[in-house]
Protein chains: 2
Amino acid sequence: MLTVYGLRSSGNCYKLQLLLELTGTPYRWVDTDSANGATRTPEFLALNPNGKVPLLVLEDGRRLAESNAILCFLAEGTPYLPTDPWERARTLQWMFFEQYSHEPYVAVARFVCRWLPADHARRTELPGLLERGAKALDVMEDHLGREAFFSGGRFGVADIALFAYTDCAADGGFDMTRWPCIVAWLARVRAQPRFSAMVA
Amino acid sequence: MLTVYGLRSSGNCYKLQLLLELTGTPYRWVDTDSANGATRTPEFLALNPNGKVPLLVLEDGRRLAESNAILCFLAEGTPYLPTDPWERARTLQWMFFEQYSHEPYVAVARFVCRWLPADHARRTELPGLLERGAKALDVMEDHLGREAFFSGGRFGVADIALFAYTDCAADGGFDMTRWPCIVAWLARVRAQPRFSAMVA
């Protein structure tokens with residue numbers, strides 16, 4: 001059986017929960033609290049030298065890191081990853097966009113707002129995070145004005161990757177009424193059969 | 001013929017130059033100076049709403065952004081992208097690592113050192129960039145103690161992605177003698193037939 005090391009409230013970890021539930025794949029979840037040092041222990045660093053969750057471990061012990069690489073691996077041969085080279089490339093484009101232009105702002109704003117004390121020095125980062133996160137949401141809104149999903153014209157791994165932190169972006173102070181196409185897309189994702197929500 | 005919009009001295013853009021030269025693929029390069037606003041014009045934003053280079057344009061006008069997604073698309077069917085699902089997943093793992101844990105520190109340290117004035121406020125970011133960049137290089141060094149390359153056991157797109165900013169990391173103040181396995185790997189990449197260096 002597959003094993004996932006992850007923190008349930010992390011969007012990057014939640015991506016795997018969502019895909020595994022959508023596909024009805026059996027898995028074992030090992031709670032790993034990256035906020036409290038569980039990813040910096042010698043035992044965990046032996047599994048993932050980069051010290052991050054999520055981490056996927058196959059039954060034979062092989063290990064794979066990086067949430068979006070894991071999504072692609074698990075989705076291979078399912079309807080959630082296109083086989084057509086161009087549609088696959090467009091899917092990957094959105095997954096790299098998510099990790100480079102979206103997560104570092106949208107997810108980090110949520111982290112600062114929800115997990116840091118009100119007087120923490122990193123609160124000064126919030127205006128910049130909200131500005132750059134809004135730019136990423138603008139790019140998504142633009143796309144959703146033309147297409148219903150991000151994974152080569154259909155629902156798939158790029159939607160799962162982008163849904164994780166967009167669905168809880170309001171936690172970081174983003175006013176989602178600015179992006180009506182995104183709000184409608186979030187509802188389309190939640191309406192997928194076997195959809196599973198992130199633990200609050 | 002393929003068209004690449006890019007800035008020659010950007011590592012993200014150079015990745016495409018390197019793969020296209022390695023594979024002997026004809027292409028047209030349109031110099032696009034992101035440092036001077038060329039990616040924020042209405043004309044360019046119509047091509048890529050995220051306002052970034054590199055951008056690939058196919059002969060029929062279809063467009064693809066995100067350097068690592070473009071690498072995967074161009075490498076499909078070549079020896080530079082594994083076909084085995086596990087080796088492909090490991091390759092993608094390193095490409096997401098590059099964009100999330102490596103480029104934001106190693107590339108940005110180079111940008112701060114080479115392109116910002118000596119009294120620029122962002123110079124204060126350098127110690128943090130060097131610390132987090134060194135962690136990424138440590139993770140690469142660890143891997144290279146066990147394997148010769150990053151793309152599923154052989155040279156390929158993950159090596160190209162990681163080579164771009166690692167080969168010029170010294171520009172950002174990284175002392176590469178700390179990472180002898182990386183230094184040896186850089187030489188192995190430079191020794192590939194048809195290797196093409198980044199414009200200085």
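Placing +1 on the Cβ of each Lys and Arg and -1 on the Cβ of each Asp and Glu in the stretch B:85-190, which of B:Y105, B:A118, B:F163 has its Cα farthest towards the positive end of the resulting dipole?
The residue sitting most towards the positive pole is B:F163.
Using 17 Å as the cut-off for backbone N distance, which residues of the stretch A:130-159 belong to the label zone defined by a point 7 Å from the Cα of A:A184 along Cα→Cβ?
What the label zone holds, given the 17 Å backbone N cut-off, is A:138-151, A:153-155.
Please compute the average number of Cβ atoms from other chains found within 10 Å of each residue's Cβ in peptide A:38-49.
Average per residue, whole number: 1.
Tell me the distances, shortest first, between B:A200 and the same position across the other copies, using label points 7 Å along Cα→Cβ, in nm to one decimal.
Label-point separations across copies, in nm and ascending: 6.2.
Test of understanding: what is the full-extension gain from A:R194 to A:L2, defined as 0.36 nm times their sequence separation minus their Cα-Cα distance?
67.2 nm
How many nanometers, to one decimal and shortest first, lie between the label point of A:E131 and those of its other copies, if labels sit 7 Å from Cα toward Cβ?
Inter-copy label distances (nm, one decimal, shortest first): 2.5.
Lysines within cross-link reach of A:K15: Cα-Cα under 27 Å, excluding same-chain residues under 8 positions apart?
Straight-distance partners of A:K15: A:K52, A:K135, B:K52, B:K135.
Return the average number of partner chain Cβ atoms within 10 angstrom of each residue Cβ along peptide B:51-58.
Mean number of neighbouring Cβ atoms from other chains: 1.
In percent, how large is the relative contact order of chain B, given Cα pairs closer than 8 Å and 6 or more residues apart?
For chain B, the relative contact order is 26 percent.
Name the nearest-to-axis residue of chain A, judged by Cβ distance to the rotation axis taking chain A onto chain B, and quote that distance in whole Å.
A:Q99, 3
Please label the shape of the stretch B:40-102 as rounded, prolate or oblate, based on the square roots a ≥ b ≥ c of the eigenvalues of the alpha-carbon gyration tensor (a/c under 1.5 means rounded; beyond that, a/b larger than b/c means prolate, else oblate).
Cα axes put the stretch B:40-102 in the oblate bin.
Shape of chain A from its Cα gyration tensor (a ≥ b ≥ c, root eigenvalues): rounded if a/c is under 1.5, otherwise prolate when a/b > b/c, or oblate?
Note, shape of chain A comes out oblate.
For the stretch A:125-200, which trypsin sites (Lys or Arg not before Pro) are in a loop by DSSP, counting at most 14 other Cβ atoms within 10 Å?
Hits after loop and neighbour filter: A:R146, A:R194.
With only Lys, Arg, Asp and Glu charged, each at its Cβ (+1 for the first two, -1 for the last two), find how big the charge dipole of the protein assembly as shown is about the Cα centre; round to the nearest 20 debye.
Using Cβ point charges on Lys, Arg, Asp and Glu, the protein assembly as shown gives about 80 debye.
When only C-alpha pairs under 8 Å and at least 6 residues apart count, what is the relative contact order of the stretch A:85-190, in percent?
Computed over the stretch A:85-190, the figure is 39 percent.
Simple spin-label model, 7 Å along Cα-to-Cβ: B:N36 to A:L45 in nm?
4.6
Step through the residues of the stretch A:194-200 one at a time and calculate ³J(HN,Hα) from phi using the Karplus curve (6.51 cos²θ - 1.76 cosθ + 1.60, θ = phi - 60°), rounding each to whole Hz and writing x for Gly and Pro.
6, 4, 10, 7, 6, 4, 5
So how strong a dipole does chain A carry about its Cα centre when Lys and Arg Cβ are +1 and Asp and Glu Cβ are -1, to the nearest 20 debye?
Dipole magnitude for chain A comes out near 120 debye.
Roughly what would the spin-label model give for A:E125 and B:T78, points 7 Å off Cα along C-beta, in nm?
So the two model labels end up 3.6 nm from each other.
Mind checking which of A:Y27, A:L45, A:V4 is farthest towards the positive end of the stretch A:2-70's charge dipole, using Cβ charges of +1 (Lys, Arg) and -1 (Asp, Glu) about the Cα centre?
With unit charges placed on the Cβ atoms, the residue in question is A:L45.
Specify whether the C-alpha gyration tensor of the protein assembly as shown places it in the rounded, prolate or oblate class, a ≥ b ≥ c being the square roots of the eigenvalues: rounded for a/c under 1.5, otherwise prolate if a/b is larger than b/c and oblate if not.
rounded
Throughout, read-outs are computed from the coordinates displayed, never taken from laboratory work. Small disclaimer: the values here were computed from a predicted structure and weren't measured. Because the Cβ atoms are built from the backbone with ideal geometry, glycine has one as well, and the counts that use them run over all protein chains shown.
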